[in-house]
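Structure, as structure tokens:
The values are calculated or read from the model by the stated rules, or taken from the named source; none is laboratory data. Quantities reported herein were computed from a predicted structural model and do not represent experimental measurements. Positions of Cβ are backbone-derived with ideal geometry, glycine not excepted, and every protein chain shown enters the neighbour counts.
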Ligand SMILES: *Cc1c(COP(=O)(O)O)cnc(C)c1O
């Protein structure tokens with residue numbers, strides 16, 4: 001039978017495995033998707049319900065007001081900001097804008113599972129560089145992996161799922177080693193949670209390096225994962241290319257107004273981020289007291305390097321009422337959520353060690 005062929009690259013595509021969801025009516029804490037445990041602020045819910053009245057219309061294609069508000073909050077020109085349907089989509093647009101067939105994209109691994117998928121769909125070749133046992137990116141090895149075929153390097157900081165952020169000095173050395181015509185994407189999805197004094201200031205790095213693009217999102221610290229709003233910060237010429245490669249009307253009207261309302265409530269939302277950071281410190285300290293070796297986390301999750309026991313641990317934890325995210329053969333990522341969720345998780349981890 002003659003059939004429509006699929007692109008051969010699709011056969012090798014690793015699936016994106018979403019974090020386990022709580023079944024309707026069941027009681028469990030969902031620490032499997034790095035979501036913000038806090039529901040949206042009343043001011044944000046109001047913006048969402050008001051925006052709902054206009055959904056018979058297409059949204060503002062360029063998200064003009066939101067783009068301007070993001071730009072002014074970061075003190076960059078509006079031409080440098082490109083919004084999209086979550087920063088995962090924006091990453092796809094960045095790669096589509098710069099990668100030619102078979103160009104190489106150097107990426108840390110294990111890192112964000114969307115990377116190999118986005119790279120393959122852009123028609124490029126991923127070049128994974130192992131993350132150290134301490135969960136830190138090996139920027140020296142990543143620089144060494146750059147060849148004439150390399151078009152992009154992805155730097156996930158803090159790294160999902162291991163947690164540490166890169167340090168300013170190692171990033172400076174790395175950027176000095178990477179050719180100016182290779183794009184360096186700093187994926188800062190968790191930047192608001194970073195407290196490491198040695199972490200770089202992404203905006204300052206962007207200001208000093210025309211080949212650096214920042215990726216940020218409203219999904220994590222701002223708590224809008226369900227509305228899909230992210231953005232890139234790039235030099236105007238690159239930003240125009242990314243915009244050209246973007247899905248038209250990618251950010252919904254509801255998403256645009258919710259993100260605007262969230263930006264207006266930044267101070268209040270950052271108080272919540274501080275609470276999550278404090279909870280992260282408590283979780284890390286208790287895990288270490290129990291005897292776990294946990295990498296330093298600068299994000300809203302922690303990493304348990306359980307290796308071949310990852311799936312078994314996740315099952316056990318799920319039965320106890322805490323959904324976590326296993327990466328088979330590698331480790332388990334646990335998002336920082338409600339204090340009650342931390343307490344329950346700590347019971348599971350203590351119990352696991354006493355097996
Ligand atoms: C969650 C996450 C994103 C953002 O995803 P959205 O599409 O904006 O929801 C980007 N990069 C990393 C590393 C992430 O963990």
Filtered residues of segment 228-247 (kept if in contact (Cβ under 8 Å) with a residue 60 or more places away in the chain and part of a helix (DSSP H, G or I)): 236, 238, 239, 240, 241, 242, 243, 244
Taking segment 27-43 and keeping only residues that are at pLDDT 95 or above, touching a strand residue (DSSP E or B) at 6+ places or on another chain (Cβ under 7 Å) and assigned to a loop (DSSP other than H, G, I, E, B), one is left with 31, 32, 33, 34, 35
Please count how many residues of segment 197-225 are assigned to a helix (DSSP H, G or I) and closer than 30 Å to residue 43 by Cβ. 4
If a residue must be assigned to a loop (DSSP other than H, G, I, E, B) and either within 30 Å of residue 343 (Cα to Cα) or touching a helix residue (DSSP H, G or I) at 6+ places or on another chain (Cβ under 8 Å) (or both), how many such residues does segment 44-57 contain? 3
Considering only residues of segment 248-266 that are out of contact with any strand residue (DSSP E or B) (no Cβ under 7 Å at 6 or more places or on another chain) and in a loop (DSSP other than H, G, I, E, B), which is nearest to the ligand (Cβ to nearest atom)? 252
Do we find that residue 204 is crowded, with 22+ Cβ neighbours inside 10 Å and away from the ligand (no atom under 15 Å from the Cβ) in this structure? no
